Amino acid sequence: MSSLNRSLNIALLLGGPGAEREVSLVSGEAVYKALCQAGFTNVTKIDVTDADFQLPPGTELAYNIIHGTFGEDGTLQSILEKRGIPYTGAGSRSSALCFDKAKTKKAFVEANVPTPKAELLDCSAGLVMPTIPLPFVIKPPCEGSSVGVHICHKQEDVLPAMEEALTHSSEVLVEEFIQGKELTVGILNGEALPVIHICPRSGFYDLSNKYPWMNMGGGTDYICPAELPDEVAKQVQEAALQAYHAAKVEVYARVDVLLRESDNAPFVLEINTIPGMTPSSLLPKAAAAVGWSYEALCEKIAELSLATPR
């Protein structure tokens, strides 16, 4: 248990105006219950729908659990900084960087973080087709929870994938496809948690497999810790930490990594600065593997955040 005052005035921000609103509402409800069970007596849920949201008088900490657009892209963080309200998680600069997969990719390349080769296509003046060889992955640069992501193995897959991605953004990020294990690494206060192996029951780790309760999707199995040789697991954690530091992320995050099956080489995909906290989410699973209860994890995030300069 931390030394935080149990009467700390906490505004729990959930919902948001983006595509991941429903996930955030579930995450927020779980965090609310956890904070109350941890003994915090002044926690108020605030359903945020736009930038004019109001906080209770005397708010001492905004606990941000808004995934995706607005909550994870630096917008909310900038608003809270202007209001002088401490908040949980990454700061406005690192949030904005990590939410834009193209900018994150640039930071990875500059810091020699292993990451798939990619190209950014600007389609604002008309459709531009990928030039890297198939197979590849098409995704909008600024969406979370695999919204708009398509794996293209054949030429006839490309145009429909491009058109769907362009409903989210005028830019499209195209990455080489890495055949291998889907892994993720939670990071708390600069320390890597155990690697999780993500095993979708069908297809890849898209929205329906991440959150089957939302749309009766196929679901996913998780192996934590991942069944990897110790040296390989360490390399995956090191790649995740290298990415975390390259983006200068604060407090906590979750880093998605692909492990190429041909040689067990790790490739970092992206950093989630407001990772899910639903019952099926991965950061709580990784924390539990090293003895952190869900309530203790939620409290630790608050404690670390209050100690982080903004």
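The values are calculated or read from the model by the stated rules, or taken from the named source; none is laboratory data. What you see is a predicted model, and the numbers here were worked out from it, not measured in a lab. Using ideal geometry, Cβ is built from the backbone for each residue, glycine included, and neighbour counts are taken over all protein chains shown. What goes into the accessible areas is simple: the full protein's heavy atoms, side chains included, and nothing from ligands, DNA or RNA. Shrake-Rupley method; radii C 1.70, N 1.55, O 1.52, S 1.80 Å.
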Candidate lysines for bridging to LYS101, where Cα separation is under 20 Å - those fewer than 8 sequence places away on the same chain excluded:
LYS117, LYS139, LYS210, LYS248
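Let me check against my output: what whole-number percent is the relative contact order of the chain, with C-alpha pairs under 8 Å and at least 6 apart?
20 percent
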Accessible area of the chain with a 1.4 Å probe: how many percent of it is carbon plus sulfur?
52 percent
Expected max-MSF residue from ALA51, ALA107, ALA253 in the GNM of the chain (alpha carbon, under 10 Å) is ALA51
Could you work out which residue, out of THR220, THR184, THR115, moves most in a Gaussian network model of the chain, that is, has the largest mean-square fluctuation with Cα springs under 10 Å?
THR220
Checked region 96-137 against the a/c 1.5 cut and the a/b vs b/c comparison, axes a ≥ b ≥ c from its Cα gyration tensor; verdict oblate
For region 125-173, shape from the Cα gyration tensor axes a ≥ b ≥ c, cut at a/c of 1.5 then a/b versus b/c, turns out oblate
Which residue fluctuates the most in the chain, going by a Gaussian network model with Cα springs under 10 Å, if the choices are GLU119, GLU143, GLU231?
GLU231
All lysines inside 16 Å of LYS33 as judged from Cα atoms, apart from same-chain residues fewer than 8 positions distant:
LYS45, LYS300
With all pairs of different alpha carbon atoms counted, what Kirkwood hydrodynamic radius in Å does region 85-194 show?
15.4 Å
Restrict the search to region 1-110; then list the trypsin sites (Lys or Arg not before Pro) that DSSP places in a loop and that have at most 15 other Cβ atoms within 10 Å of their Cβ.
ARG6
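Express the Stokes-Einstein translational diffusion coefficient of the chain in µm² s⁻¹, to the nearest whole number, given a Kirkwood radius over alpha-carbon pairs, 4 °C and a viscosity of 1.567 mPa s.
Roughly 66 µm²/s, to the nearest whole number.
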For a test of the definition: using alpha carbon positions, the gyration tensor, and the 1.5 limit on a/c, classify region 210-310 as rounded, prolate or oblate.
oblate
Centre separation in Å (Cα based) which lies between region 270-310 and region 78-146:
22 Å
Region 51-108 - convex hull of the alpha-carbon atoms, volume per residue in Å³
77 Å³
If I stretch the segment between ALA307 and LYS106 completely, what's the gain in nm (0.36 nm per residue apart, minus their alpha carbon distance), one decimal?
69.4 nm
Taking the highest mean first, how do the peptides 167-173, 282-288 order by number of other beta carbon atoms within 10 angstrom per residue?
282-288, 167-173
